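Below is one structure; the comments refer to it alone.
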Amino acid sequence: MPRVDLRSERWDVRGEYLEPLAGFSRLRFSGGLTDYQHDELEGGAVVTRFRNKARDGRLELQHHPLAGWRGVIGLQSSFRDFSATGEEAYVQPSTTRKHAVFLLEEKRFGPWRVEGALRHEWQRIDTDSAQPNRSHHGTSAALGLHWRLAPQYSLGLTLARAHRLPTAEELYADGLHMASATWELGNPRLQRETSNNIDLTLKKTAGPTTFSFSVYRNRIKDYIYASTLDEDDGLQLIEYTQGDAIFTGIEGSVRQQLSRQTGLTLFGDYVRARPWRQSAAHPGCASGRPS
């Protein structure tokens, strides 16, 4: 039987500086370095080696209240150097650079709290294969309204429009992936996903019994998924493609504090996904419908 020899190291640093600039109360920074490698061995010999080196950083500036608004502005950046060599190297080596700027604000109006968020990110993926390098960008925004209807209860409504950018695996996969019993085909012409989301949440936040229940509906344009083209003896041939979809679901959790030292939590969720509409696929895609 094949086995995996895995090694992963990560270094993190975090800190903050008080009153860094006029008008700002706090500067927070964090960064990390990751060195991940795993070898897949058969009979003691390495048949495939996966390696992922990454670094990431985040900088946040928290400003003093401005007309009652409190919030932060920030920058985020990451770099990923991925490589796979050997018999099951189903993705060519690639580097992914991703950067983002963001803003989060909130203000209270008696029992009401308004929250807003805005984020713009862009990425570039360079590959060592004959496939073209790709660049994507996207902007996400969210608006939330929370009502404290009683001392222990709150009701929240969130509206969001978000973009998700395709990954290197979705763009450039081409080969056997035995861990999932698939032969994967990427699609370098994939576009970003665009989702419009609504979420309604009821919470009880104090007392021996607390809970949180949410219902949501996400309408996603150009949803990226793995379409099954063929199957033989348990091995699936899949291709990453896009189609419009609607996700509707509920999720919840209940916690009961049994004593000062112990508590019991029950949680669960249910989601149903279906095609949003019969849409034409992007060039190079196998299908226009989610599976």
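Modelled spin labels at Trp69 and Glu251, positioned 7 Å past Cα toward Cβ, are 2.9 nm from each other. Here the range 7-67 has 57 percent of its accessible surface on carbon and sulfur atoms, given a 1.4 Å probe and all protein chains in place.
Label sites at His38 and Leu145, each approximated as a point 7 angstrom past Cα along Cα to Cβ, lie 4.6 nm apart. So what's the range 196-251 giving for Cα Rg divided by 2.2 N^0.38 Å, two decimals? Relative to the 2.2 N^0.38 Å estimate, the range 196-251 comes out at 1.82.
Can you pull the percent of the range 100-203's accessible area that's carbon plus sulfur, 1.4 Å probe, other chains left in place?
Roughly 62 percent of what the probe reaches on the range 100-203 is carbon or sulfur.
Can you compute the FRET efficiency between Phe109 and Ser135 using 1/(1 + (r/R0)^6), with r the Cβ-Cβ distance and R0 = 30 Å? Round to the nearest 0.05. About 0.15, to the nearest 0.05.
Keeping all protein chains in place, calculate the accessible area per residue for the chain (probe 1.4 angstrom), answer in Å².
Values: 17430 Å² over 291 residues.
Result: 60 Å² of accessible area for each residue.
Counting protein heavy atoms only, the range 215-278 has 50 percent of its accessible area on carbon and sulfur, 1.4 angstrom probe.
Dividing the mean sequence gap of close Cα pairs (under 8 Å, 6+ apart) by how many residues the chain holds gives a relative contact order of 10 percent.
Remark: the range 217-232, residue by residue, has Karplus-estimated 3J(HN,Hα) of 9, 10, 9, 10, 8, 6, 4, 8, 8, 9, 8, 7, 8, 6, 8, 8 Hz, where x stands for each Gly or Pro and the curve is 6.51 cos²θ - 1.76 cosθ + 1.60 at θ = phi - 60°.
Taken along the Cα-to-beta-carbon direction at a fixed 7 Å, the label points for Glu169 and Met1 span 2.2 nm.
Between Asn196 and Ala45, the C-beta separation translates, for a Förster distance of 51 Å, into a calculated FRET efficiency of about 0.50. If you plug the beta carbon distance of Arg26 and Leu258 into 1/(1 + (r/R0)^6) with R0 = 45 Å, you get a FRET efficiency near 0.75. Put a plus charge on the Cβ of each Lys and Arg, a minus charge on the Cβ of each Asp and Glu, and nothing anywhere else: the dipole of the chain about its Cα centre is then about 1920 debye.
For a modelled paramagnetic label at Glu87, 7 Å from Cα along Cα-to-Cβ, the residues of the range 161-186 in reach, with backbone nitrogen under 19 Å, are 174-184.
The values are calculated or read from the model by the stated rules, or taken from the named source; none is laboratory data. Computed from a predicted model, the values in this text were never measured in an experiment. Because the Cβ atoms are built from the backbone with ideal geometry, glycine has one as well, and the counts that use them run over all protein chains shown. Quick note on the areas: whole protein, heavy atoms, side chains included, nothing else; ligands and nucleic acids left out. Shrake-Rupley method; radii C 1.70, N 1.55, O 1.52, S 1.80 Å.
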